[in-house]
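The values are calculated or read from the model by the stated rules, or taken from the named source; none is laboratory data. Remember, predicted model here, so these are calculated numbers, not experimental data. FYI the Cβ positions are ideal-geometry reconstructions off the backbone, even for glycines, and counts take in every protein chain you see.
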Amino acid sequence: MNPHFSRFSIFVLILLISTGPLQSGPAAQSDYQEVRKVKDIVVYKDEKFYSAFPSIVKRKNGELLVAFRRAPERRVFGEKGVSHTDANSYLMLVRSKDAGENWSPTPELIHANPFGGSQDPCMTQLSDGSILCASYGWAWMQPEAARNLKNANLVGNFAFLGGYLLHSADGGKSWQGPTFPPSTPGEVFFDPFGKPVPAYNRGAMCEGKNGEVYWAVAATTSGSAPRTEVHLFISLDKGITWKYSCRIAGDSKVVFNESSLYLTPKGELVCFMRTEGFDDHTVVARSLDAGKTFQAWEDCGFQGHPHYALKLPDKHVLLVYGYRHPPFGVRARVLDSECRNMTSAQEVIIRDDGGNGDLGYPWGTMLSQRSALVVYYFNQGNGPRYIAGTLLSIQGEKPTRPGR
């Protein structure tokens, strides 16, 4: 056992004696689980950079990897604000070998897109220990060139490049790729090279029992424009090649995107989706046939986006999500093993001290049988965006007394 982790575990237990449960309605617990906050931490912060959109994996040797998107803090150069599109946004990575107590001070470069800025590195660690990382990009164009593009998805002078994937077989020390997935059938937007944009998404993939990888992607198709909807791709070779499966959710009024997948013990594939035009409500869609079809989407009855579903040791699920309404922060709910109690699960407030709504995008991992780390990006007082985290104690199912 790592001696640093042992000392940290003892430190956590001491803190738990004096630490109460996180805030919620009447209590921060479900019928079977209790979530206690140990402390907030800083994973990476540099006032010269805008750091955002993290994901985290825990390697088999206990090392933690956090990937994130880093761009210049444009206000340092006298600009009025910050933006989610930047020609100098790169995918970066930091490491911790002591359960999140200390992080490498100098980030490693995962990838610099030669045609523009990259967004949202979404890492998934597969059963063989390899890491699959999905991202997507925006290319800055001269105004007159941007105006001449046909069927392009433009944000100001940035043209959407679509998605790509990177692979690592050595714990993130080196990355192969990028490889480009196929486009979603019917995709209406084209990249600057005149081709339909490759499939893309911000959110978690999941791996099936037979090694298949499921990926929920956003798309604007001829039947949905101008709204995005969500579709499913499946890979049988660890994310090297992808095959289209089906539509997950679409609607004539509601926008769906930024989706995360979770595979339940019974084999149901649950897709948690961000919405627009629906009062920021979380919605889910469910597949009972290994991703061949999905049932109609359902309203979960609460606000927040995007989501990450973390499997707990007793098979309950910690669903974490950003909260971009006052008080700004990060929240969570403990779901049953099949994710059926979204509307009734009590809401846990992990953070409520954010400076404004430009924060969130949480991702989590278990540190031990009783502790978890949730990472996200944060700002306070509209200051520099940085990668933060919260250490949580997860109490397991309450034992049943004899005779009851």
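Criterion first (surrounded by 14 or more Cβ atoms within 10 Å (Cβ to Cβ) and either assigned to a loop (DSSP other than H, G, I, E, B) or modelled with pLDDT under 95 (or both)) does D86 satisfy it?
Working: surrounded by 14 or more Cβ atoms within 10 Å (Cβ to Cβ): yes; either assigned to a loop (DSSP other than H, G, I, E, B) or modelled with pLDDT under 95 (or both): yes.
Here the answer is yes, as D86 does meet what is asked.
Residue-by-condition table, conditions (1) of a type in the set (G, A, S); (2) in contact with a Pro (Cβ under 9 Å, 6 or more places away or on another chain); (3) outside any loop (DSSP other than H, G, I, E, B); (4) at pLDDT 95 or above:
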residue: I56; (1), (2), (3), (4): no, no, yes, yes
residue: G100; (1), (2), (3), (4): yes, no, no, yes
residue: T106; (1), (2), (3), (4): no, no, no, yes
residue: T124; (1), (2), (3), (4): no, no, yes, yes
residue: D128; (1), (2), (3), (4): no, no, no, yes
residue: C133; (1), (2), (3), (4): no, yes, yes, yes
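Residues being in contact with a Cys (Cβ under 9 Å, 6 or more places away or on another chain) and either aromatic (F, W, Y) or under 16 Å from T365 (Cα atoms) (or both): count how many of those fall in segment 45-92.
The qualifying residues number 3.
If you take the residues of segment 211-255 that are crowded, with 16+ Cβ neighbours inside 10 Å, among the basic types (K, R) and farther than 18 Å from I131 by Cβ, which of them is modelled with the lowest pLDDT? Looking at the filtered set, the residue picked out is R227. Only one entry in G172, G177, G194, G211 is in contact with a Cys (Cβ under 9 Å, 6 or more places away or on another chain) and assigned to a loop (DSSP other than H, G, I, E, B), namely G172. Within segment 149-208, being under 30 Å from T106 (Cα atoms) and of a type in the set (A, V, I, L, M, F, W, C) holds for F158, F160, L161, L165, L166, A169, W175, F180, A204, M205, C206. Does S135 satisfy the criteria of being closer than 23 Å to W242 by Cα, polar (S, T, N, Q) and in contact (Cβ under 8 Å) with a residue 24 or more places away in the chain? So S135 passes the test.
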